[in-house]
Amino acid sequence: MAFYKITHNPKYRFATLHNYGCTFRCPVCSYKLRSGEDGKAGHAYPRPEQFLKTDEIKQKLMQVDIETLFFMGGEPTIAPDLPGLLEFASNTLKVRTCLGHTNGSRLPMPNLDGANVGLKAWDEKTHLEYTGREKKLIFDNFKEAHEAGIELKANVVYIPGFVDCDQVESIAAWLAELSPEIPFHIMGYIPVPGQPFQSPTAEQMSDAVKTCRKYLTHVNSSQLSSEQALNLAGRDDRFDVKRIA
Ligand code: SF4
């Protein structure tokens, strides 16, 4: 789809471009929390009234003091002007470029310095059911991006009964073969409307972290309630941003 909003955090000197829409249709997409609808994942919040033109985005970005430009979604790599904006950010603004989150379906990309990739499942059948896409495509892209020198982080949503601890462990073991230094974040599932799954318990989360630390040096976790997920600015001032377009 396209970018519709720019936010700025002057304290941490970053700006974020927000894209609407996604290539996946994950039934457990946390964007559904925003609307409370059991709608199409990735489109689970209202369509913005208007989208930003590429020139307008560039003008706004030239007016702020930043050292990093993040791209978020939905899935930011589906925005058609992303390649040009990455080139502009790298070569004109000379700032670091990072996909604040991505499903990994279009990695690697030129002029991209970093990406935080959501790896959804290890089991191939589960991956297909979860995302509608083959697991191999995403994991191959991750490997290729790592080999291209893009600074990667990975995350997974731990969903008991769907993406269980054994799958989380297998993903950690696979990442460790690339590099045990890749940061790995385990998120406890936040129940979304219309889905049968429950959040993991604190004990399950703790076991998952302990298990993954056998493979990776940097493993952390979070388990938010839906209220907390909808008010991240109240928990972390990196989310305390001002909309500039
Ligand atoms: S890839 Fe992420 S944003 Fe897209 S539908 Fe799945 S969970 Fe939602």
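Laid out as a table, the results:
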item: Those residues of the stretch 19-48 which are more than 24 Å from PRO160 (Cα to Cα), surrounded by fewer than 21 Cβ atoms within 10 Å (Cβ to Cβ) and either in contact with a Lys or Arg (Cβ under 9 Å, 6 or more places away or on another chain) or at pLDDT 90 or above (or both), in sequence order; result: GLY21, THR23, HIS43, TYR45, PRO46, PRO48
item: Which listed residue, of ASN141, ASN155, is part of a strand (DSSP E or B) and touching a strand residue (DSSP E or B) at 6+ places or on another chain (Cβ under 9 Å); result: ASN155
item: Hits in the stretch 49-90 (condition: in a helix (DSSP H, G or I), in contact (Cβ under 8 Å) with a residue 40 or more places away in the chain and farther than 17 Å from MET1 by Cα); result: LYS60, LEU61
item: Criterion violated by LYS94 - all others in (1) modelled with pLDDT of 95 or more; (2) surrounded by fewer than 21 Cβ atoms within 10 Å (Cβ to Cβ); (3) on the phi < 0 side of the Ramachandran plot satisfied; result: (3)
item: Matching residues, the stretch 131-157, being within 17 Å of VAL28 (Cα to Cα) and surrounded by 23 or more Cβ atoms within 10 Å (Cβ to Cβ); result: THR131, VAL156, VAL157
item: Subset of the stretch 53-89 [more than 16 Å from the ligand (Cβ to nearest atom), crowded, with 19+ Cβ neighbours inside 10 Å and within 13 Å of ALA15 (Cβ to Cβ)]; result: ILE57, LEU61, ILE66, LEU69, LEU85, PHE88, ALA89
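The values are calculated or read from the model by the stated rules, or taken from the named source; none is laboratory data. As the structure is a prediction and not an experimental result, all values here were calculated from the model. No Cβ is skipped: glycine too gets one built from the backbone with ideal geometry, and neighbour counts run over all protein chains shown.
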